Amino acid sequence: ELKLALQYDPSSSFLSLELADLYATTGRWRNALQEAEDDVTRHPDDLAARKLLGRLYLRLLTAERGQQAPEGVQERAIKQFEQVLERDANDISSYLILAQLYRAAGQNAKAETTLKKAIAMQPDSAEASTNLALLYVDLGQYRAAIDLLKKVANDKADSQVWNTLAYAYEQIQNFKEASTAYSRALESDPDNVSFRKGLGQALLLSKQYDEALAQFQVLIEANPRDVESFLRLSQVYRAQQKYDLARQSLGKASELAPDNLDIQYNLAVLAETEGKMPEAIGIIQKILDSTAKGDSSPYSPQEKANRAIFLEKLGFLNRDAGNFAGAESAFRQMLALGKDSA
């Protein structure tokens, strides 16, 4: 129908944009880009056409569609939005999209400058501040991210603002403030499992054990096969010195995921906490034996990192048990793993 309409009105920008949008909605990305690019060529001053084209580029660059974007799309997308802003320097939404495109292209300095311009024009823009904070998080500048988000984290802020703030607090190990931010995120989105898990973990790490317990119990009630929540529940019980309950929770987690190394490691830590050193040493040694490879099969970087953790733990356990030869053997094996482990 749209193609038929265009036959009668071939110069219509509106019809071209509708057709391009329809192509995009049905996954025909190359057709969508071609239609939008042709429309921009015919109407170079049509900002609506340029914005649609830019959004199509952005969808191609950021959506997880299981296929690569056509070559050169990134540069073309950036160029379109730079030209939009040349024609309308007060268009906040275009600043935000251009900043996302700069981030996708790894041009972080330009992304920062663009977002700062948007914030200067609209200081109360939660979206601009959140995007700049996310950029700072990517760059590891967590305190700068926190300072920005605190300005827009209020009763009107959406859950993602609070979630990003919580994450930034976690990175500087301020778990008490992280738990407060997760609580606010959960108020806005009470069914969000990720927020609740984040809250439970932050409460655990800030030693608010009863509150953490309540969160993990809610998660397990909602999903009795939630391995991670059983594991965290055991850590809460261990911190409260309720060792029998901690062992029960680890047992349930182990039934659900018998090969999970994190669960096995926590079983060893629990045994160590209870003073059962031979049991703890046996668990760690069993993990190392079961994950060992022959000389012909090299360890992946992740396997090396895991092995270093287990060997270090084995060394400390043997040392604390007075078995210094066993401790030396464990630490010596770390040398072969190289880099930070060595």
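A few notes on this one:
- The relative contact order of the chain, computed from alpha carbon pairs under 8 Å that lie at least 6 residues apart in sequence, is 6 percent.
- Among 47, 288, the order of accessible area from largest down is 47, 288, computed with a 1.4 Å probe on protein heavy atoms.
- Estimated 222 nm signal from helices in the chain, with DSSP H stretches of n ≥ 4 weighted -39500 (n - 2.57), rounded to 500: -24000 deg cm²/dmol
- Label separation (residue 329 vs residue 273): 2.9 nm, computed from points 7 Å beyond Cα along the C-beta direction.
- When the surface is traced with a 1.4 Å probe over the full set of protein chains, residue 79 keeps roughly 120 Å² accessible.
- Using a probe of 1.4 Å, the accessible surface attributed to residue 46 totals some 40 Å² when neighbouring protein chains are kept in position.
- Accessible surface ranking that places the most exposed of 8, 265 first, with a 1.4 angstrom probe: 8, 265
- Extension gain from residue 87 to residue 261, taking 0.36 nm per residue of separation minus the Cα-Cα distance: 56.9 nm
- Angle in degrees between helix 126-138 and the longest Cα principal axis of the chain, rounded to the nearest 10: 50 degrees
- Charge context of residue 308, other residues only, Cβ under 11 angstrom, K/R +1, D/E -1: +1
- About its Cα centre, segment 127-183 has a charge dipole of approximately 160 debye under the convention of +1 per Lys or Arg Cβ and -1 per Asp or Glu Cβ, with nothing else charged.
- Accessible-area value, residue 197, 1.4 Å probe, nucleic acids and ligands omitted, Å²: 50 Å²
- The chain: angle of helix 243-256 to the longest principal axis, Cα-based, in degrees nearest 10: 50 degrees
- As a calculated quantity, the FRET efficiency between residue 240 and residue 319 at R0 = 22 Å, using C-beta atoms, amounts to about 0.20.
- The mean sequence separation of alpha-carbon pairs under 8 Å and at least six residues apart, normalised by the residue count of segment 219-308, gives a relative contact order of 18 percent.
- Linear extension gain, residue 124 paired with residue 158, 0.36 nm per residue minus alpha-carbon span: 10.9 nm
The values are calculated or read from the model by the stated rules, or taken from the named source; none is laboratory data. Worth saying up front: this structure is predicted, and the values here are computed from it rather than measured. Note that each Cβ is placed from the backbone with ideal geometry, even for glycine, and that neighbours are counted across all protein chains shown. With ligands, DNA and RNA removed, areas are computed over all heavy atoms of the protein, side chains included. Shrake-Rupley method; radii C 1.70, N 1.55, O 1.52, S 1.80 Å.
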